[in-house]
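Asks: My questions all concern the structure below.
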């Protein structure tokens, strides 16, 4: 176990970006502890895959050399997956914030224009609706625990996963440091973010047209014409088409349909104007 801890500490030290990713993902573990947990969990999962492969090998009388190959491959794949979990959390946080960044910004703008202090505005925003409220609450909690509001906003800006929200935080932080009025600067920033999101929607529309064209070709035209040609050719050469062939075609169509659905969902911009 000491060897695992030493290797985990060496890996974490050689990957300084892991610490930044974990802070952006708001994972509380130390990077070395996170790497150690990933090593141990990957080992357990690899053992499970190795046992399953051993049972298959002994059942079908295949070479037992496949077992260490499966163990090593599954260990490496699972370890890489665990090490990339902070990036997945960051991406999820980014989409959540971007979907409501304008509403949070406008809420703060209305509060500031009505004469509310910044800290009170942040408290009210942390209690408002939507998933973005919990990210505002992180700033409020830092201030509540004794951190100055400038440091709390600077920390949130540095380790925030949304570039749009970082622009809002930077304008607030700059106004605090320079002593300028916050509302006009924030209003200009919100207009800029709105224009950016409108451009993202237009680009998504263009990309969606291309995806729909490929979808019609790969998932509709080619399968229907290909299956018709296959049936006609098989009747000429007297080739028997069993159920297995049609199940394989059906499986291929299901994979293509799922792939396009996931691709369209992933391409959709996190916009809620």
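The values are calculated or read from the model by the stated rules, or taken from the named source; none is laboratory data. Quantities reported herein were computed from a predicted structural model and do not represent experimental measurements. Glycine gets a Cβ as well: all are built from the backbone with ideal geometry, and neighbour counts include every protein chain shown.
Asks: If we scan segment 188-195, do we find a residue that is more than 24 Å from residue 163 (Cβ to Cβ) and either at pLDDT below 75 or in the same structural domain as residue 165 (by TED's automatic domain parsing) (or both)?
Replies: Looking for residues that are more than 24 Å from residue 163 (Cβ to Cβ) and either at pLDDT below 75 or in the same structural domain as residue 165 (by TED's automatic domain parsing) (or both), one finds none in segment 188-195, hence no.
A quick yes/no check of all residues on (1) surrounded by fewer than 12 Cβ atoms within 10 Å (Cβ to Cβ); (2) under 29 Å from the mean Cα position of the chain (by Cα); (3) not in a helix (DSSP H, G or I):
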{"site": "176", "(1), (2), (3)": "no, no, no"}
{"site": "208", "(1), (2), (3)": "no, yes, no"}
{"site": "212", "(1), (2), (3)": "no, yes, no"}
{"site": "218", "(1), (2), (3)": "no, yes, no"}
{"site": "224", "(1), (2), (3)": "yes, no, no"}
{"site": "235", "(1), (2), (3)": "yes, no, no"}
{"site": "249", "(1), (2), (3)": "no, no, no"}
{"site": "255", "(1), (2), (3)": "yes, yes, no"}
{"site": "265", "(1), (2), (3)": "yes, yes, no"}
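Conditions (1) at pLDDT below 90; (2) out of contact with any helix residue (DSSP H, G or I) (no Cβ under 7 Å at 6 or more places or on another chain); (3) closer than 16 Å to residue 104 by Cα; (4) outside the structural domain of residue 99 (by TED's automatic domain parsing), marked per residue:
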site	(1), (2), (3), (4)
159	yes, no, no, no
162	yes, no, yes, no
178	yes, yes, no, no
182	yes, no, yes, no
201	yes, yes, no, yes
207	yes, no, no, yes
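Asks: Sort out which residues of segment 123-145 are under 19 Å from residue 93 (Cα atoms) and in a helix (DSSP H, G or I), and write them in order of number.
Replies: Narrowing segment 123-145 to residues under 19 Å from residue 93 (Cα atoms): 125-142.
Listed by number, the residues that qualify are 125, 126, 133, 134, 135, 136, 137, 138, 139, 140, 141, 142.
Asks: Do we have residue 136 as outside the structural domain of residue 19 (by TED's automatic domain parsing), surrounded by 17 or more Cβ atoms within 10 Å (Cβ to Cβ) and over 21 Å from the mean Cα position of the chain (by Cα) here? Show your work before the answer.
Replies: Values: outside the structural domain of residue 19 (by TED's automatic domain parsing): yes; surrounded by 17 or more Cβ atoms within 10 Å (Cβ to Cβ): yes; over 21 Å from the mean Cα position of the chain (by Cα): no.
Against the criterion (outside the structural domain of residue 19 (by TED's automatic domain parsing), surrounded by 17 or more Cβ atoms within 10 Å (Cβ to Cβ) and over 21 Å from the mean Cα position of the chain (by Cα)), residue 136 does not qualify.
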